[in-house]
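The values are calculated or read from the model by the stated rules, or taken from the named source; none is laboratory data. Values in this document were obtained by computation on a predicted structure and should not be read as measured data. We place every Cβ from the backbone using ideal geometry, glycine too, and count neighbours over all the protein chains shown. Keep in mind that these areas ignore ligands, DNA and RNA; they rest on the heavy atoms of the full protein, side chains included. Shrake-Rupley method; radii C 1.70, N 1.55, O 1.52, S 1.80 Å.
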Amino acid sequence: MSLRFNYSKANPKAVTTMMGLETYAGNAIKDKVLYELIKLRVSQINGCAFCLDMHAKDLLKLGDHGDRILLLSVWHEVPHLFTEQERVVLELSEAVTTISEGGVPEALYDKVRGHFSEAEYIDLIMAINTINCWNRIAISTGMYPGCFN
């Protein structure tokens, strides 16, 4: 893959808008480990190497999460590595990212609401949508790990 162009130089207004979403989501999700898990799982689904690299490194800065990073794509098989709340959010992240395949089933909504208020549910959706948007920008513009170094 090769960088097509630097999106932030090409359209600073778009970057400002995205940074507004990122700031909102980053402030709304108080658990920073959970926030990085959302970013990683969504980036895995979307196949965004740039974001996977960045957010794996960000999660490692928050502690010893190596096993969780390595096994995140199969989190269903290693439930002992993730809290119940994290598993529910990972499931929601997958459903929202692949929303055309099955929507967000009522049973999943109920599980999420068992842990989060309505306002927090929207915050989670905003966080999931924000990383989906970043992934699409990165992939569409040819970003790859280290492309700006």
Trp75, sole failed condition from (1) farther than 28 Å from Ser8 by Cβ; (2) open to solvent by 60 Å² or more (accessible area, probe 1.4 Å); (3) assigned to a helix (DSSP H, G or I) = (2)
inquiry  = Tally up the residues in segment 116-149 that are over 15 Å from Asn11 (Cβ atoms), of a type in the set (A, V, I, L, M, F, W, C), modelled with pLDDT of 95 or more and not in a helix (DSSP H, G or I), please.
reply    = 1
note = Every listed condition ((1) in contact with a Leu (Cβ under 9 Å, 6 or more places away or on another chain); (2) modelled with pLDDT of 95 or more) holds for Val74 save (1)
message = Could you check segment 1-18 and list, in sequence order, the residues that are loosely packed, with under 14 Cβ neighbours inside 10 Å and within 25 Å of Thr98 (Cα to Cα)?
response = Met1, Ala14, Thr17
inquiry  = Just to be sure before I move on: is Glu84 without any contact (Cβ under 8 Å) to a residue 24 or more places away in the chain and charged (D, E, K, R) in the structure I sent?
reply    = no
Filter result for Leu81 (under 15 Å from Leu34 (Cα atoms), out of contact with any Asp or Glu (no Cβ under 8 Å at 6 or more places or on another chain) and not β-branched (Val, Ile, Thr)) = no
ask   = Quick one: how many residues across segment 23-53 are out of contact with any helix residue (DSSP H, G or I) (no Cβ under 6 Å at 6 or more places or on another chain) and closer than 18 Å to Ile139 by Cβ?
value = 3
note = Over segment 116-145, the set of residues out of contact with any Phe, Trp or Tyr (no Cβ under 9 Å at 6 or more places or on another chain) and surrounded by fewer than 17 Cβ atoms within 10 Å (Cβ to Cβ) is Ser117, Glu118, Ala119, Glu120, Ile122, Ile125, Asn129, Cys133, Arg136
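Which members of segment 81-97 meet the condition of being under 13 Å from the mean Cα position of the chain (by Cα) and either aliphatic (A, V, I, L, M) or in a loop (DSSP other than H, G, I, E, B) (or both)?
Residues satisfying the conditions are Val89, Leu90, Leu92, Ala95, Val96.
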task = Determine, yes or no, whether Asp110 is assigned to a helix (DSSP H, G or I) and in contact with a helix residue (DSSP H, G or I) (Cβ under 9 Å, 6 or more places away or on another chain).
result = no
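Residue-wise test of (1) under 29 Å from Ser8 (Cβ atoms); (2) in contact (Cβ under 8 Å) with a residue 40 or more places away in the chain; (3) open to solvent by 40 Å² or more (accessible area, probe 1.4 Å).
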residue: Lys30; (1), (2), (3): yes, no, yes
residue: Cys48; (1), (2), (3): yes, yes, no
residue: Leu71; (1), (2), (3): no, no, yes
residue: Leu90; (1), (2), (3): no, yes, no
message = Anything in segment 53-62 that is open to solvent by 30 Å² or more (accessible area, probe 1.4 Å) and touching a residue at least 24 places away in the same chain (Cβ under 8 Å)? List them, or say none.
response = Asp53, Met54, Leu62
query = under 19 Å from Glu86 (Cβ atoms), assigned to a helix (DSSP H, G or I) and hydrophobic (A, V, I, L, M, F, W, C): does that describe Val42?
reply = yes
